[in-house]
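Below: one structure, written as structure tokens.
Values in this text are rule-based calculations from the coordinates and carry no lab data. Small disclaimer: the values here were computed from a predicted structure and weren't measured. As a convention, Cβ positions derive from the backbone with ideal geometry for all residues, glycine included, and neighbour counts pool all protein chains shown.
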């Protein structure tokens, strides 16, 4: 415990899913966490609101605050790092987790579709990183982590799922490929200032809070699902260690560093890089 003592972390897309899990894990390690997202959850429903996520961390004894912003709007995010620094002070850690997808065949993805995804998945994390770097440099260092995706690579034949599923994810995957390349370049630029920039992707579908459809997949095909704790542990390592320009899978970084995977409250060792998702568990 205490790997993030005295640190301030800002995690985007943290009202639910992977971002929320990372926020809980960082808070358990002593970070003061600022959770960013729009106030509405998936499909416009109220599940997974920022207020609920903040309350969950505070109830466990952690320090948490919320900042709402539409990251797809350049104007709305123009001063977001400044706003995120207000509750607890300047940021030491930035996790760019928020992303959006519009599932279309590559031959049919419109300019509007592509613009939306590149704005949210590429321009937004780069903008926030650029906003954060100056302050990190002044304070002598920091960490920036971009959450990427295996969809940045074309699935190999034979497709694990349907051909359609492998193809409609292509335009979204192209944005993640762009983010990966930018991550590497930025990392090597700012490493001399002890600012460590990396990217991590899950190796499979992540089982998160309220992801009932993923639980069903895990029951039938456990190799297609990974526990959210794996991503949280990988993120913790990449936001506390001295890694430069790594674009890695969650299980790979956990395995290569020899990490134990903990529960999100940090109290229980669940396993190692071979830990399987438990579809009956409640996060």
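Using equal-weight Cα scatterers in the Debye expression, the normalised intensity of the stretch 112-183 in log10 at q = 0.13, 0.19, 0.23 Å⁻¹ is -0.48, -0.79, -0.99.
Just subtract the alpha-carbon distance of residue 252 and residue 118 from 0.36 nm times their residue separation and send over the number in nm, one decimal.
Details: separation 134, 0.36 × 134 = 48.24 nm, distance 2.69 nm.
That works out to 45.5 nm of additional length.
Counting only Cα atoms, the size of the stretch 8-271 along its three principal axes is 49, 41, 38 Å, in decreasing order.
Suppose the chain between residue 74 and residue 137 were pulled fully straight at 0.36 nm per residue; how much longer would it get relative to their current alpha carbon spacing? Numbers along the way, then the final one.
Details: separation 63, 0.36 × 63 = 22.68 nm, distance 2.37 nm.
Computed gain between residue 74 and residue 137 is 20.3 nm.
Can you give the Rg/Rh ratio of the stretch 91-229, where Rg is from the C-alpha atoms and Rh is the Kirkwood radius? Show your work: numbers first, answer last.
On the way: Rg = 16.9 Å, Rh = 16.5 Å.
My calculation puts Rg/Rh at 1.02.
The mean sequence distance of close C-alpha pairs (under 8 Å, at least 6 residues apart), as a share of the length of the stretch 127-235, puts its relative contact order at 29 percent.
Under the criterion of Cα pairs below 8 Å and six or more residues apart, the relative contact order for the stretch 1-157 equals 22 percent.
Taking all Cα pairs closer than 8 Å and separated by 6 or more residues, the relative contact order of the chain comes to 17 percent. For the chain, adding -39500 (n - 2.57) for each run of n ≥ 4 DSSP H residues and dividing by the number of residues yields -11000 deg cm²/dmol at 222 nm. Note on the stretch 1-134: Kirkwood hydrodynamic radius from all Cα pairs is 15.2 Å, rounded to one decimal. Sorting the segments 269-275, 140-146, 192-198 by their mean number of nearby beta carbons within 10 angstrom, highest to lowest, gives 140-146, 192-198, 269-275. Working from label points 7 Å from Cα in the Cα-to-Cβ sense, the residue 161 to residue 278 distance is 2.6 nm. Taken over the stretch 170-283, the alpha-carbon convex hull comes to 110 cubic angstrom per residue.
Order these peptides, 6-18, 255-267, 23-35, by their mean beta-carbon neighbour count within 10 angstrom, highest first.
The most tightly packed comes first, giving 23-35, 6-18, 255-267.
Gyration tensor analysis over the Cα atoms of the stretch 207-255 returns equivalent ellipsoid semi-axes of 26, 11, 7 Å (largest first, whole Å).
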